[in-house]
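Colleague: Structure provided below as structure tokens; questions to follow.
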Amino acid sequence: MTAEIRQARNGLQWMGHDERIELVSRILSELRDIRKDVLGLIRADKCIWLDTLIARASSELIQIAAMDDVEFQLVLIEFEKLLGIFDAPDPDLRHLSPTIH
């Protein structure tokens, strides 16, 4: 997914609104899978930050896709960083701290 995000970042000026919605939807789907598969054994109160992020981004998907290229690029960079944490062969999830959304 991170490679797909990088590719999208390089071609933002050619991405339409629907393509942006589809990309962010796939990212959120990936995060839901991570929440279930990777973080499923971690206490729920330790993962509320991810649940909140997924819920908030899902509810604002149309607005995210409508952002100008610079703002959308920044959103994609942050998603790429977050997904990169979980791409590690054996991610150490103990250092993850709650984030403010």
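Colleague: Can you confirm whether Arg35 is at pLDDT 95 or above and charged (D, E, K, R)?
Modeller: Here the answer is no, as Arg35 does not meet what is asked.
Colleague: Could you please tell me which pairs satisfy a Cβ distance under 6 Å, a separation of 6+ or placement on different chains, a first residue in the stretch 8-32 that is farther than 16 Å from Asp68 by Cα and in contact (Cβ under 8 Å) with a residue 12 or more places away in the chain, and a second residue that is outside any helix (DSSP H, G or I) and open to solvent by 40 Å² or more (accessible area, probe 1.4 Å)?
Modeller: Sorted first by the residue in the stretch 8-32, then by its partner, the pairs are Glu30/Met1.
Colleague: Return yes when Asp51 is surrounded by fewer than 12 Cβ atoms within 10 Å (Cβ to Cβ) and free of Cβ contacts under 8 Å to residues at least 60 places away in the same chain and no when it is not. Step through it out loud before you land on a result.
Modeller: Numbers: surrounded by fewer than 12 Cβ atoms within 10 Å (Cβ to Cβ): no; free of Cβ contacts under 8 Å to residues at least 60 places away in the same chain: yes.
Criteria not met by Asp51.
Colleague: Moving on to the next point. Identify all residues within the stretch 55-101 that are open to solvent by 40 Å² or more (accessible area, probe 1.4 Å), modelled with pLDDT of 90 or more and among the hydrophobic types (A, V, I, L, M, F, W, C); write none if there are none.
Modeller: Within the stretch 55-101, Ala55, Ile62, Ala66, Met67, Val70, Leu74, Ile77 qualify.
The values are calculated or read from the model by the stated rules, or taken from the named source; none is laboratory data. Because the structure is a prediction, the values reported are computed rather than measured. Virtual Cβ from ideal backbone geometry, glycine too; neighbours counted across all protein chains shown. These area figures cover heavy atoms from the full protein model, side chains too; ligands, DNA and RNA do not enter into them. Shrake-Rupley method; radii C 1.70, N 1.55, O 1.52, S 1.80 Å.
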